[in-house]
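The values are calculated or read from the model by the stated rules, or taken from the named source; none is laboratory data. All values derive from a computational prediction rather than experimental measurement. Here the Cβ positions follow ideal geometry from the backbone for every residue, glycine too, while neighbour counts run over all protein chains shown. Side chains are part of the model used for accessible areas, which takes the heavy atoms of the whole protein and leaves out ligands, DNA and RNA. Shrake-Rupley method; radii C 1.70, N 1.55, O 1.52, S 1.80 Å.
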Amino acid sequence: MSDPLLAQAFDDGSVRAAAAAALGTLTAPPADITLITRGNRKKTAVARFSTRGPVVVQLSTEPMWIRTEAALLEAIRQRTFVPVPPVLTTGIQDGVGYMLTAYVAGTDLHTSFSTVSDATRRTLARWFGRALARLHEAFRFDAYGRLERSGSGFAATRDDREAWFEAYSTRAVNRLPSAFDDLTADLRGLLSSPPATGHTPRLFPWDFRPGNALVADDAVTAVLDWEAPLAAPPALSAAKAEYLVADWYVDDPEPLRTVFREGYGSVRSLSAVAPAYRAAAIAASAVDSDGRVTNPRYPPVDREAAIAFHRDALQSVLATV
């Protein structure tokens with residue numbers, strides 16, 4: 001393997017060693033390694049070869065996250081119709097977790113979701129609802145919070161739903177910038193009383209959105225980025241996915257909300273999403289893991305417009321209570 005290729009892609013020695021260990025499991029050295037600027041928690045690169053198809057190498061200084069994600073990808077492939085990249089190998093080197101997956105061809109849906117035809121956009125939104133419902137059917141848990149691989153399955157550790165939801169929603173509100181200060185008191189009041197029903201823990205793929213999907217011929221070929229999955233009330237997961245699918249890209253989200261919910265309802269029932277869950281989902285979506293305000297639409301709007309977008313969404317929820 002060419003050390004200059006690894007050095008060009010990865011500036012950290014331990015990460016570089018983990019990438020070398022991952023790629024060393026293949027029979028041929030890569031001819032090119034291209035870093036992908038996707039996400040904030042992992043290093044991801046595409047390795048291309050002269051004698052075989054490309055692979056994706058993902059690296060994390062949290063090895064358990066990679067181990068859990070790899071196991072989850074395998075389980076999703078076995079239990080659902082949701083397309084995810086096949087896992088080729090996974091392991092740990094120098095304290096860094098690595099995972100190799102097959103490279104899946106497709107166009108980034110984030111760049112095209114707002115420009116495809118209305119009919120195609122509705123079809124895709126319905127697919128996201130149906131896919132999330134199937135994930136909820138396939139993965140049920142006994143507790144809430146961060147999932148880790150446990151034996152042949154997965155487990156979370158927070159038995160108290162109200163305590164977990166309070167911690168989750170408080171963290172989301174605390175990360176909002178000062179432009180939201182006038183809303184925080186009302187948000188805290190709303191979020192202090194989570195709904196009492198419909199809360200059996202299900203898989204919460206917290207970044208389930210067009211920006212993590214690849215498409216070809218208007219069909220989803222892969223959903224990416226399953227790191228750090230959670231177990232949470234299904235209505236919270238549905239509220240977050242709906243916000244990222246229906247609200248994020250278009251001026252009038254109601255038609256997409258309708259078909260998203262229809263898609264979900266074609267697999268399993270979804271009761272009305274309580275305002276507390278929707279407010280928590282919006283607050284959690286408004287700021288990324290580095291504390292930056294997220295930018296909706298494509299091309300993305302600027303920070304000022306993004307703040308206005310998230311504020312309007314939160315105010316709409318607060319107006320219903």
### Query
So for the pair Thr111, Ser14, with labels modelled 7 Å out along Cα→Cβ, what separation do we get in nm?
3.4
### Residues of the stretch 287-321 with amide N under 18 Å of a point placed 7 Å along Cα→Cβ from Ser192
318-319, 321
### Message
If you count only protein heavy atoms with a 1.4 Å probe, what accessible area per residue comes out for the stretch 122-239, rounded to a whole Å²?
### Response
41
#### Entry: Added length on full extension, which subtracts the Cα-Cα distance from 0.36 nm per residue, Glu148 to Asp182
8.5 nm
### Query
Summing -39500 (n - 2.57) over the DSSP H runs of n ≥ 4 in the chain and dividing by its residue number, what mean residue ellipticity at 222 nm do you reach, to the nearest 500 deg cm²/dmol?
-13000 deg cm²/dmol
### Task
Work out, step by step, the length gained on full extension between Glu254 and Phe81: first 0.36 nm times the residue separation, then minus their alpha carbon distance; give nm to one decimal.
59.7 nm
### Query
Helix 63-79 sits at what angle to the longest principal axis of the chain, using alpha carbons and giving 0 to 90 degrees rounded to 10?
80
### Task
Could you tell me the distance between the Cα centroids of the stretch 247-314 and the stretch 41-95, to the nearest Å?
28
### Query
Any idea what angle helix 13-23 forms with the longest principal axis of the chain, computed on alpha-carbon atoms, 0 to 90 degrees, nearest 10?
70
### Task
Leaving ligands, DNA and RNA out of it, work out the accessible area of Arg171 with a 1.4 Å probe and give it in Å² to the nearest 10.
130
### Summary
Of the candidates Leu256, Pro4, Leu132, the farthest towards the positive dipole end of the chain (Lys/Arg Cβ +1, Asp/Glu Cβ -1, centred on the Cα centre) is Leu132
#### Entry: Additional length obtainable on full extension of the chain from Ala102 to Thr120, 0.36 nm per residue less Cα span
3.8 nm
### Task
Take Leu318, project a point 7 Å from its Cα along the Cβ direction, then tell me which residues of the stretch 281-302 have their backbone nitrogen under 20 Å from it.
281-288, 293-294
### Query
What ³J(HN,Hα) values, in whole Hz, does the Karplus curve 6.51 cos²θ - 1.76 cosθ + 1.60 give for the stretch 211-218 when θ = phi - 60°, with x put for Gly and Pro?
x, 10, 10, 10, 10, 8, 6, 6
### the stretch 62-212 - percent of accessible surface contributed by carbon and sulfur, probe 1.4 Å
43
## Note on the structure
Sorted by chain and then number, the residues having a modelled amide H within less than 5 Å of the amide H of Thr157, at least 5 places away or on another chain, are Tyr144, Arg146
### Summary
Judged on accessible area alone, 1.4 Å probe, highest first, Phe113, Phe309, Phe81 line up as Phe81, Phe309, Phe113
## Note on the structure
Simple SL model, points at 7 angstrom along Cα→Cβ for Ala7 and Thr294; separation in nm is 3.8
### Query
Expressed as a rounded percentage, what relative contact order does the stretch 170-321 have, with Cα pairs under 8 Å and six or more residues apart?
27
### Summary
Total charge of the residues flanking Ala70 in space, meaning their Cβ is under 14 Å from its Cβ, with Lys and Arg +1 and Asp and Glu -1, is -2
## Note on the structure
Along the dipole axis of the stretch 58-152 (charges at Cβ: +1 for Lys and Arg, -1 for Asp and Glu; origin at the Cα centre), the most positive-end residue among Ser152, Leu109, Val87 is Leu109
### Summary
If one compares the long axis through the Cα atoms of helix 161-174 with the longest principal axis of the Cα atoms of the chain, the angle in degrees, nearest 10, works out at 80
### Query
How many nm separate the modelled label positions at Val267 and Asp94, each set 7 Å beyond the Cα in the direction of the Cβ?
4.0
### Query
By its C-alpha gyration tensor, with a ≥ b ≥ c as the square roots of the eigenvalues, how is the stretch 10-105 shaped: rounded for a/c under 1.5, else prolate for a/b larger than b/c, else oblate?
oblate
### Query
Using θ = phi - 60° and the Karplus curve 6.51 cos²θ - 1.76 cosθ + 1.60, what whole-Hz ³J(HN,Hα) does each residue of the stretch 90-104 get, with Gly and Pro shown as x?
8, x, 9, 9, 6, x, 10, x, 10, 8, 9, 10, 5, 7, 10
### Query
From Cα coordinates alone, what are the radius of gyration and Dmax values for the stretch 231-321 in angstrom?
13.2, 39
